[in-house]
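Worksheet: the structure to be examined is printed underneath.
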Protein chains: 2
Amino acid sequence: MSMKQKNEIVHDAEYYILEARHGEVWAAEDDELDARLEALRKKYGTPPNIVHIMWDDTAFGEVGIPHLQKTRGFETPNINRLAAEGIFFCRMYTEPSCTPSRAAVMTGRHAVRSGMYNVAFPYEYGGLDAEEVTMGTVLSSVGYATAFYGKWHLGDTEESYATNHGFDEALFTPYNQVPSIYTPAAENMGAITGMFPEMFPADPYDLDRGWEPRGYVWALEGRKEGTVREWGHPPDHEDYLKIDPECERRTLAFIRTNAKGGKPFYVAYWPQLASFAGFKEKQTVSRALLQEGLVRLDRFIGELRDELETLGIAENTLVVLMADNGPMVHNGPPGMVETIYRGGKSDYWEGGVRVAAFAWWPGMIAPGQIVGDMIHETDLFTTFARLGGALDHVPTDRIIDGVDQTSLLLNGDTFSRRDYNFIYTGPVLAATVKGRFKRVWVGESPGLTGAAFYDLYNDPREVQPKMLPLFPTKGMFNIMKARHEIWKQKYPDRKPARDFPLKGIENARPETLAASQIRVDLEKIPFDPREFIRNLPDWENIDVGWGAGEK
Amino acid sequence: MSMKQKNEIVHDAEYYILEARHGEVWAAEDDELDARLEALRKKYGTPPNIVHIMWDDTAFGEVGIPHLQKTRGFETPNINRLAAEGIFFCRMYTEPSCTPSRAAVMTGRHAVRSGMYNVAFPYEYGGLDAEEVTMGTVLSSVGYATAFYGKWHLGDTEESYATNHGFDEALFTPYNQVPSIYTPAAENMGAITGMFPEMFPADPYDLDRGWEPRGYVWALEGRKEGTVREWGHPPDHEDYLKIDPECERRTLAFIRTNAKGGKPFYVAYWPQLASFAGFKEKQTVSRALLQEGLVRLDRFIGELRDELETLGIAENTLVVLMADNGPMVHNGPPGMVETIYRGGKSDYWEGGVRVAAFAWWPGMIAPGQIVGDMIHETDLFTTFARLGGALDHVPTDRIIDGVDQTSLLLNGDTFSRRDYNFIYTGPVLAATVKGRFKRVWVGESPGLTGAAFYDLYNDPREVQPKMLPLFPTKGMFNIMKARHEIWKQKYPDRKPARDFPLKGIENARPETLAASQIRVDLEKIPFDPREFIRNLPDWENIDVGWGAGEK
């Protein structure tokens, strides 16, 4: 059985330039890779299992390098060991924030293409569109058991639920960790959300006490295409802290069940990692929120590894560990800091989009690899599909940014099929990367002033923009950008789905039910709020004109 | 024979606080360490050899961590291997620039104490005072063969020459690498030094054409307390590039001779590493100056290791590799950049004073150690003296900042005898460190405004100064500073030696000779230039009032 695709994936324009140069070599590589995958399949009777663990806001270098952890007062020995026994990616690019990054890796497409380029907060009336095809759906199509546990953060509209995107089972949080401060205890610490009016005297000037959101959930659980149930009891913070342990328990149980049943599986465990309200018992010298979360994740990684080895399936299981974007250096808690790269979450600087990432697959991925190649999170979509023999289920009516990186995984350093990246912040193309060079598009005035070109080997922090020595790249970057944008005329970006939130919950509480419904008397207002919600603008909190030269 | 000191070294005040707490434990450790050192001495017949390699401007993390080098387009496999087989120091502090750092490690004293706190440029009429006692002198006193090769940079006055500071033999550059651009070729590239007036039309307004410096040297060579000879032929840049290879050749020859002669040796090879005029043949993907120098040094480190192993003395030789200060991020060449710490050369931020540093001593230093302890470059002075059985030759009439770190070397992580550092920039105490906390003194207004406290675990880049949560450290830092400064009343800082440069050179060229002499007719001026030179102010290019709150 060939693992190669019979239909034709539509790639981004730049990929075709590389394929024209290297296509023959890649085809020969692919034959050899197919043979290795086929041999493995014969041995285990199934295509490889895939475990994808993705957590928040962790810079390149924050985990996996013991030397740097020594300077930071914490250690993650299990993650570091796994990194040392597999691939340590030095150049894994993601989108610069949570929702976009999760949408991108799930769909194999830059978030701008699905309209999921904003960080979704509660009550934003949107989510992943039903037309988007996720990794869950693709692998489900070829018989994989699929499960999602943890931070989904792709919207609270019913069509965006993980259970409606190809997962056999799911326990998922529709939001980020912000609801963890929607508690009376956090209110006492100064959160001032106003979500618990019973705690405060009434504001005598408040004309619209129904304006504040009240109905929200910690997490939802359910099975494929069924109704969902609320899990946990907001605002009970103790319950919030149980989400990760519960997801870990279910992840291991799911693995055990399918391993014993001889069914290939794909499980995404995307931990909350931390509640903004913190942990009561500190486990690090660092004492900081992110590091406290990382050491807890680390313990689980040790358990996961033990489980895979005990079940005898480690050599048929690809484990990918990674962060979703850079650290929250802007307005974030102590300990969320830059490592070697400038910037963090939300930035187009390397620090925003270059993250900690590792791959482990004993027997297939050689140990001890420190890989300098470029890889993008969307590549995981295409690569997982290839490994699962599911490339024929990747949709061909849209651009798939992910390229097949099976050769990089199995052949190692220098075998990447990507040397470019387009970095979006919200809907704005902020920077373009080609090899060692990077051009930042925003902040540039018409003409020459402010044009910023960087050499990432020699100016990794992007603080010494070069004009003269890097001008040879100017025309090349312009052409790349034009190709990328013109290709969009044929395959345009889409919009996210808009709807009232939190529909379809079996055990909905009254306030959750209220959130899913119109809260005013339609007879008394001259417009239809449902219409307004469906026509929210593409972007909400982004000033697309912030680059001085943007039109 | 006890390795412990019979006389009483005068430490900085803070050390006595630690000693009062830990003295008994340390004494017990010392007995055990003495026994191990004595056993080694019996085996080899001599105290251990010491090889100290110190080069320029290299941040913590730039070498020794392959993951970071992958992101930078170069690799130093020999240095990395040595680091992995010995101690990787995560917290080696130095002074923030070349001359101060070199003075500090040579004397075991913060540069401010010897007056050597400025970066010496050619024609600054100063150098290390004859009263300062160097590591060369201390180890020479107990029978070590001593040699210095490379960048000395401790002045061009005769009393500052390496040959007048305890080294049996030396090939040393009195200056930094700046003279490498004192060439006609560099002039053509735009250096505009004006040092080659024959290249330019005369300036019709120039009244004092003797003002520009002309006489300078690449390097001097000689033997202990003898005259010196100029080595190489400025402005021949090819000759400049031969300094490091010649120093490497002599280092290995010196090691061979003494190993075969059964004499313990101490050799300091402090490479130029790079000429500002660059190398013709590039060897790195990075293409940048520092990285090109590092890969050349790396090749030598491989040769050095081979030599020590071939001679059978590796297990009786401590090798310390380190940088002298942080990268030249201000006005430096491409590739001299921050890694994880903020700032670089000349800064009191961690990036200025926390450097790449490793120790290797097979059989005595356990392999694979990533050590988080604090150590200061001055500690090497005291530690080398302890290892050489030369503590009784450390002067006791002045403060020695270096503490004995033999226990850290031989027992490993957490065995440091230092948890504090006083960071000077020029003559200004700019910051004080205690454990994870750091207080910056400059930039603070009288009263509260601007007081900056940092938690280095959670804010390694020192960009989030904390007031409220770190105020408990305020009083403690004030007391530390007071102790440190009051102790100086008993043991005051000294001044550097002042004199005309480049005296005592056997083969002095006419322009070199001119530099060492008064160049005007004394009868025609109303003052004595010699007197003026001897009374140069303590600081030349430092504005001591730059901290807003400095008096």
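The values are calculated or read from the model by the stated rules, or taken from the named source; none is laboratory data. Everything numeric in this text was worked out from a predicted model, so none of it was measured. Glycine gets a Cβ as well: all are built from the backbone with ideal geometry, and neighbour counts include every protein chain shown.
Could you list, in sequence order, all residues of segment A:129-158 that are within 23 Å of A:Tyr348 (Cβ to Cβ) and either in contact with a Gly (Cβ under 8 Å, 6 or more places away or on another chain) or not assigned by TED's automatic domain parsing to the domain that holds A:Phe381 (or both)?
A:Leu154
Kindly evaluate A:Asp401 against the criterion of being under 28 Å from A:Met364 (Cα atoms) and assigned by TED's automatic domain parsing to the domain that holds A:Arg354. If you could, list the steps in order and put the result at the bottom.
Values: under 28 Å from A:Met364 (Cα atoms): yes; assigned by TED's automatic domain parsing to the domain that holds A:Arg354: yes.
When the stated conditions are applied, A:Asp401 passes them.
Out of B:Asp404, B:Asp347, which single residue is within 18 Å of B:Ala323 (Cβ to Cβ) and part of a loop (DSSP other than H, G, I, E, B)?
Working: B:Asp404 fails: within 18 Å of B:Ala323 (Cβ to Cβ).
Exactly one of B:Asp404, B:Asp347 is within 18 Å of B:Ala323 (Cβ to Cβ) and part of a loop (DSSP other than H, G, I, E, B), namely B:Asp347.
Filter segment A:368-394 down to the residues that are touching an Asp or Glu at 6+ places or on another chain (Cβ under 9 Å) and away from chain B (no Cβ under 14 Å) and list them by number.
Taking segment A:368-394 first, the residues touching an Asp or Glu at 6+ places or on another chain (Cβ under 9 Å) are A:368-374, A:376-379, A:381-383, A:385-386, A:391.
Correct list: A:His376, A:Glu377, A:Thr378, A:Asp379, A:Phe381, A:Thr382, A:Thr383, A:Ala385, A:Arg386, A:Leu391.
Would you check if A:Ile181 is modelled with pLDDT under 90 and surrounded by 13 or more Cβ atoms within 10 Å (Cβ to Cβ)?
Numbers: modelled with pLDDT under 90: yes; surrounded by 13 or more Cβ atoms within 10 Å (Cβ to Cβ): yes.
It is true that A:Ile181 is modelled with pLDDT under 90 and surrounded by 13 or more Cβ atoms within 10 Å (Cβ to Cβ).
Looking only at residues in segment A:63-95 that are among the β-branched types (Val, Ile, Thr) and in contact with a His (Cβ under 9 Å, 6 or more places away or on another chain), which one is farthest from A:Asp419 (Cα to Cα)? Spell out the reasoning first.
The first filter runs over segment A:63-95 and keeps only residues among the β-branched types (Val, Ile, Thr), leaving A:63, A:65, A:71, A:76, A:79, A:87, A:94.
With in contact with a His (Cβ under 9 Å, 6 or more places away or on another chain) added as a condition, the list becomes A:65, A:94.
Working: A:Ile65: 25, A:Thr94: 14 Å.
Looking at residues that are among the β-branched types (Val, Ile, Thr) and in contact with a His (Cβ under 9 Å, 6 or more places away or on another chain), I get A:Ile65.
Count, please, the residues in segment A:217-239 that happen to be of a type outside the set (Lys, Arg) and either assigned to a helix (DSSP H, G or I) or more than 15 Å from A:Lys151 (Cα to Cα) (or both). Walk me through it before giving the result.
We begin by selecting, within segment A:217-239, every residue of a type outside the set (Lys, Arg); these are A:217-222, A:225-228, A:230-239.
Going one step further and asking which of them are either assigned to a helix (DSSP H, G or I) or more than 15 Å from A:Lys151 (Cα to Cα) (or both), we end up with A:225-228, A:233-239.
Total meeting the criteria: 11.
Of all residues in segment B:62-86, count the ones that are part of a loop (DSSP other than H, G, I, E, B) and more than 18 Å from the chain's Cα centre (by Cα).
Looking only at segment B:62-86, we keep the residues that are part of a loop (DSSP other than H, G, I, E, B), and these are B:62-65, B:71-76, B:85-86.
Among the residues that remain, those that are also more than 18 Å from the chain's Cα centre (by Cα) are: B:64-65, B:71-76, B:85-86.
Number satisfying all stated conditions: 10.
If the requirement is being farther than 21 Å from B:Tyr420 by Cα, at pLDDT 95 or above and not small (Gly, Ala, Ser), which of these qualifies: B:His376, B:His393? Give the steps one after another, and end with the answer.
Values: B:His376 fails: farther than 21 Å from B:Tyr420 by Cα.
Result of the check over B:His376, B:His393: B:His393.
Taking B:Leu502 as the residue in question, decide whether it is without any contact (Cβ under 8 Å) to a residue 40 or more places away in the chain and over 30 Å from B:His11 (Cα atoms). Break it down into steps so the answer makes sense when it comes.
On the way: without any contact (Cβ under 8 Å) to a residue 40 or more places away in the chain: no; over 30 Å from B:His11 (Cα atoms): yes.
Against the criterion (without any contact (Cβ under 8 Å) to a residue 40 or more places away in the chain and over 30 Å from B:His11 (Cα atoms)), B:Leu502 does not qualify.
Taking segment B:58-111 only, how many residues are out of contact with any strand residue (DSSP E or B) (no Cβ under 6 Å at 6 or more places or on another chain), of a type outside the set (A, V, I, L, M, F, W, C) and within 14 Å of chain A (Cβ to nearest Cβ)?
Adding up the residues that qualify gives 12.
Just to verify a result, which residue in segment B:518-551, among those that are at pLDDT 50 or above and among the basic types (Lys, Arg), is farthest from B:Phe121 (Cα to Cα)?
B:Lys524
Hey, among the residues in segment B:92-129 that are outside any loop (DSSP other than H, G, I, E, B) and of a type in the set (Val, Ile, Thr), which one's surrounded by the fewest Cβ atoms within 10 Å (Cβ to Cβ)?
Going through segment B:92-129, the residues outside any loop (DSSP other than H, G, I, E, B) turn out to be B:92-93, B:98-107, B:111-114, B:126-127.
Narrowing the set further to residues that are of a type in the set (Val, Ile, Thr) leaves B:99, B:105, B:107, B:112.
Details: B:Thr99: 28, B:Val105: 29, B:Thr107: 29, B:Val112: 24.
Looking at the filtered set, the residue picked out is B:Val112.
Looking at segment A:352-365, can you tell me whether even one residue there is out of contact with any Ser or Thr (no Cβ under 7 Å at 6 or more places or on another chain), under 30 Å from A:Val178 (Cα atoms), within 11 Å of chain B (Cβ to nearest Cβ) and without any contact (Cβ under 8 Å) to a residue 24 or more places away in the chain?
No: segment A:352-365 contains no residue that is out of contact with any Ser or Thr (no Cβ under 7 Å at 6 or more places or on another chain), under 30 Å from A:Val178 (Cα atoms), within 11 Å of chain B (Cβ to nearest Cβ) and without any contact (Cβ under 8 Å) to a residue 24 or more places away in the chain.
Being within 24 Å of B:Gln517 (Cα to Cα) and surrounded by fewer than 24 Cβ atoms within 10 Å (Cβ to Cβ): is that true of B:Glu159 here? Can you show your working first?
Values: within 24 Å of B:Gln517 (Cα to Cα): yes; surrounded by fewer than 24 Cβ atoms within 10 Å (Cβ to Cβ): yes.
When the stated conditions are applied, B:Glu159 passes them.
Can you pull out every residue in segment B:248-291 that is over 20 Å from the mean Cα position of the chain (by Cα) and charged (D, E, K, R)?
B:Arg249, B:Arg250, B:Arg256, B:Lys260, B:Lys263, B:Lys280, B:Glu281, B:Lys282, B:Arg287 - these are the residues of segment B:248-291 that are over 20 Å from the mean Cα position of the chain (by Cα) and charged (D, E, K, R).
Look at segment A:1-16 and say how many of its residues are at pLDDT 95 or above and of a type outside the set (Asp, Glu).
Going residue by residue through segment A:1-16, those that are at pLDDT 95 or above are A:9-16.
Now narrow it down to the ones that are of a type outside the set (Asp, Glu): A:9-11, A:13, A:15-16.
The number of residues fulfilling the criteria is 6.
Hey, can you tell me all the residues within segment A:242-278 that are part of a helix (DSSP H, G or I), surrounded by 21 or more Cβ atoms within 10 Å (Cβ to Cβ) and aliphatic (A, V, I, L, M)?
Across segment A:242-278, the qualifying residues are A:Ile243, A:Ile255, A:Ala259.
Taking the stated definitions as given, is B:Asp397 within 26 Å of B:Val105 (Cβ to Cβ), assigned to a loop (DSSP other than H, G, I, E, B) and away from chain A (no Cβ under 14 Å)? Break it down stepwise before answering.
Working: within 26 Å of B:Val105 (Cβ to Cβ): yes; assigned to a loop (DSSP other than H, G, I, E, B): yes; away from chain A (no Cβ under 14 Å): yes.
So B:Asp397 passes the test.
Test B:Val63 against the stated conditions and say whether it is touching a helix residue (DSSP H, G or I) at 6+ places or on another chain (Cβ under 8 Å), buried (at least 24 other Cβ atoms within 10 Å of the Cβ) and under 30 Å from A:Gly372 (Cα atoms).
Details: touching a helix residue (DSSP H, G or I) at 6+ places or on another chain (Cβ under 8 Å): yes; buried (at least 24 other Cβ atoms within 10 Å of the Cβ): yes; under 30 Å from A:Gly372 (Cα atoms): yes.
Yes.
If you go through segment B:70-123 one residue at a time, how many are at positive phi and at pLDDT 95 or above? Talk me through it step by step, then tell me what you get.
Step one: of segment B:70-123, the residues at positive phi are B:73, B:108, B:115, B:123.
Then keep just the ones that are at pLDDT 95 or above; that gives B:73, B:108.
Result for segment B:70-123: 2.
For residues that are surrounded by 18 or more Cβ atoms within 10 Å (Cβ to Cβ) and within 14 Å of chain A (Cβ to nearest Cβ), tally how many sit in segment B:288-331.
Of the residues in that region, 12 qualify.
For segment A:410-493, please list each of the strands (runs of 3 or more DSSP E) lying entirely inside it that holds at least 2 residues being within 14 Å of chain B (Cβ to nearest Cβ). I'd like the intermediate steps shown before the answer.
Numbers: elements: A:420-425, A:428-434, A:437-440, A:452-455.
Once the strands (runs of 3 or more DSSP E) in segment A:410-493 are filtered for at least 2 residues that are within 14 Å of chain B (Cβ to nearest Cβ), what remains is A:437-440, A:452-455.
Quick one: how many residues across segment B:141-167 are among the small types (Gly, Ala, Ser), out of contact with any Asp or Glu (no Cβ under 7 Å at 6 or more places or on another chain), closer than 19 Å to B:Asn258 by Cα and not in a loop (DSSP other than H, G, I, E, B)?
Residues meeting the conditions: 1.
From B:Ala356, B:Ala277, grab the single residue that is of a type in the set (Gly, Ala, Ser) and either in contact with a Gly (Cβ under 9 Å, 6 or more places away or on another chain) or not assigned by TED's automatic domain parsing to the domain that holds B:Leu40 (or both). Can you show your working first?
On the way: B:Ala277 fails: either in contact with a Gly (Cβ under 9 Å, 6 or more places away or on another chain) or not assigned by TED's automatic domain parsing to the domain that holds B:Leu40 (or both).
Answer to the selection: B:Ala356.
With respect to A:Gly143, determine if the residue is of a type in the set (Gly, Ala, Ser), surrounded by fewer than 21 Cβ atoms within 10 Å (Cβ to Cβ) and in contact (Cβ under 8 Å) with a residue 60 or more places away in the chain. Outline the logic, then answer.
Numbers: of a type in the set (Gly, Ala, Ser): yes; surrounded by fewer than 21 Cβ atoms within 10 Å (Cβ to Cβ): yes; in contact (Cβ under 8 Å) with a residue 60 or more places away in the chain: yes.
Criteria met by A:Gly143.
Of all residues in segment A:423-436, count the ones that are farther than 21 Å from A:Lys466 by Cβ, crowded, with 21+ Cβ neighbours inside 10 Å and not hydroxyl-bearing (Ser, Thr, Tyr).
Qualifying residue count for the region: 2.
Based on this model, can you work out whether A:Asp401 counts as surrounded by 24 or more Cβ atoms within 10 Å (Cβ to Cβ) and among the charged types (D, E, K, R)?
Considered against the rule, which asks whether it is surrounded by 24 or more Cβ atoms within 10 Å (Cβ to Cβ) and among the charged types (D, E, K, R), A:Asp401 comes out as yes.
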